[in-house]
1. Are there any pairs with C-beta distances below 9 angstrom linking a residue in segment 28-56 that is under 18 Å from V97 (Cβ atoms) to a residue that is within 16 Å of ligand 2 (Cβ to nearest atom) and of a type in the set (S, T, Y), with the two at least 6 apart or on different chains, and if so which?
2. Looking for something surrounded by 19 or more Cβ atoms within 10 Å (Cβ to Cβ), part of a strand (DSSP E or B) and not aliphatic (A, V, I, L, M) - is there at least one such residue anywhere in segment 332-344?
3. For a quick check of your reading of the model, give me the residue pairs whose first member lies in segment 102-116 and is closer than 15 Å to G309 by Cα, whose second is within 13 Å of ligand 1 (Cβ to nearest atom) and among the β-branched types (V, I, T), with beta-carbon atoms closer than 7 Å and at least 6 apart or on different chains.
4. Please indicate, with yes or no, whether at least one residue in segment 63-74 is in contact with a Phe, Trp or Tyr (Cβ under 9 Å, 6 or more places away or on another chain) and within 16 Å of ligand 3 (Cβ to nearest atom).
5. I'm trying to understand the selection: among the residues of segment 97-130, which are within 12 Å of ligand 1 (Cβ to nearest atom), small (G, A, S) and outside any loop (DSSP other than H, G, I, E, B)?
6. Working carefully through the options G101, G79, G94, find the one that is away from ligand 3 (no atom under 16 Å from the Cβ), within 23 Å of I153 (Cα to Cα) and under 18 Å from the mean Cα position of the chain (by Cα).
7. For segment 156-215, which positions are touching a Pro at 6+ places or on another chain (Cβ under 8 Å) and within 16 Å of ligand 2 (Cβ to nearest atom)?
Amino acid sequence: MTGIGLTRAWTVNMRAVRLTAWGREPTLAEVERPVPREAEVLVRVEAAGLCHSDVHVVDGAAGALPYRPPFTLGHEVAGHIAALGPDTDGPVIGDRVVVYGPWGCGACARCAAGLENYCDRRSDLGWHGVGLGRDGGMAEYLLVPSAHHLVPIGDLPADQAAPLSDAGLTSFHAIAGLRHALGEGTTAAVIGVGGLGHLAIQILRATTPSHVLAVDIREEALALAEWSGAQFGTLMKPDTARVLRTRTGGVGVDAVLDFAGTTATLELAAEVLRPGGELAVVGSGGGRLVVRKPGALPPGLRLALPFWGTIPELTEVISLARSGALQVETEHFPLSAAPEAFGRLRQGRVRGRAVLGPG
Ligand code: FEH
Ligand code: ZN
Ligand code: ZN
């Protein structure tokens, strides 16, 4: 008598920080640990950074974003490879990696060129990447669609590597777009010295000859700016434009990186930029700037709205960090303290980048 082949699919659970519905606080829940298929890779998460965008996602009204809860949050992830799908070629279990987060469709011209952060089908996907509509890395394990989205980190600590995949990569990509304006004798202003701004200062100092000025509303952020290598820092006040211009001998700054993106910071940027200056608006503060001709903006102003970065750039960022040129200031929280970390970030009470780790 032939036995009936009964195969029992065992499932193993894991903890994950889930957005279960719009308008609800994220919660730590037990979910099924994913199993990699085809070319997928399972990463054991060692560190997951917390970004202001996570707060925007959690606080967003239903329909404001194209995502469909429930899903696991976390788009800044580092760890080691725990399992491989049968069609993977190259990655090895145990390899230490950081996850490239802005997953695109993988088929359009932009994705084919390695610019998944500018996927042509971005508005059709229903998600923006890991932890942004797709299951993310605020969890014990993360399923990554392809080894293509993994960058080796060697012996770089995971809590350094994770923030570099978003805060570091986003800053690096924004600076890459301004690099032609950052030669000898130039000045760059960084507005907002938090998780991204403090890394932008370090990247500017490590990769350009520019003189770096920092602006923030918090004294402790100016201390972080100095620690990061800014040559000058000042609080945001009514006369900040004059103070910054004075630092340039009156001509104005060559480039501004605005990591706040509020109306006040955009207007400050417009006031301090020299003719032919460059403004990169990185922060999602929802601020407005009137663009009109004739108008108050400096002639020749070039405006960029950079988003995240590319896979080759992430490789460069990791290489910079491994050379010792980048040091992420972090505050650690166990996964179980994710709600506290979100609260601290909302209140502006995180120095550098909050990183969730096992525990
Ligand atoms: C992610 C999703 C949407 C807007 C901005 C972001 C950034 O945090 C990615 O760097
Ligand atoms: Zn982010
Ligand atoms: Zn695409």
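1. A47/T330; G49/S165; G49/T330
2. Among the residues of segment 332-344, at least one is surrounded by 19 or more Cβ atoms within 10 Å (Cβ to Cβ), part of a strand (DSSP E or B) and not aliphatic (A, V, I, L, M), which makes the answer yes.
3. Here the result reads W103/V130; G114/T310; L115/T310, each pair linking segment 102-116 to a residue that is within 13 Å of ligand 1 (Cβ to nearest atom) and among the β-branched types (V, I, T).
4. Yes; the residues of segment 63-74 include at least one that is in contact with a Phe, Trp or Tyr (Cβ under 9 Å, 6 or more places away or on another chain) and within 16 Å of ligand 3 (Cβ to nearest atom).
5. G129
6. Details: G101 fails: away from ligand 3 (no atom under 16 Å from the Cβ); G94 fails: under 18 Å from the mean Cα position of the chain (by Cα).
Going through G101, G79, G94 in turn, the sole match is G79.
7. Scanning segment 156-215 gives T170, H173, A174, G195, L199.
Bear in mind that the values in this text are calculations on the coordinates, not laboratory data. This is a predicted model, so every value here is computed, not measured. As a convention, Cβ positions derive from the backbone with ideal geometry for all residues, glycine included, and neighbour counts pool all protein chains shown.
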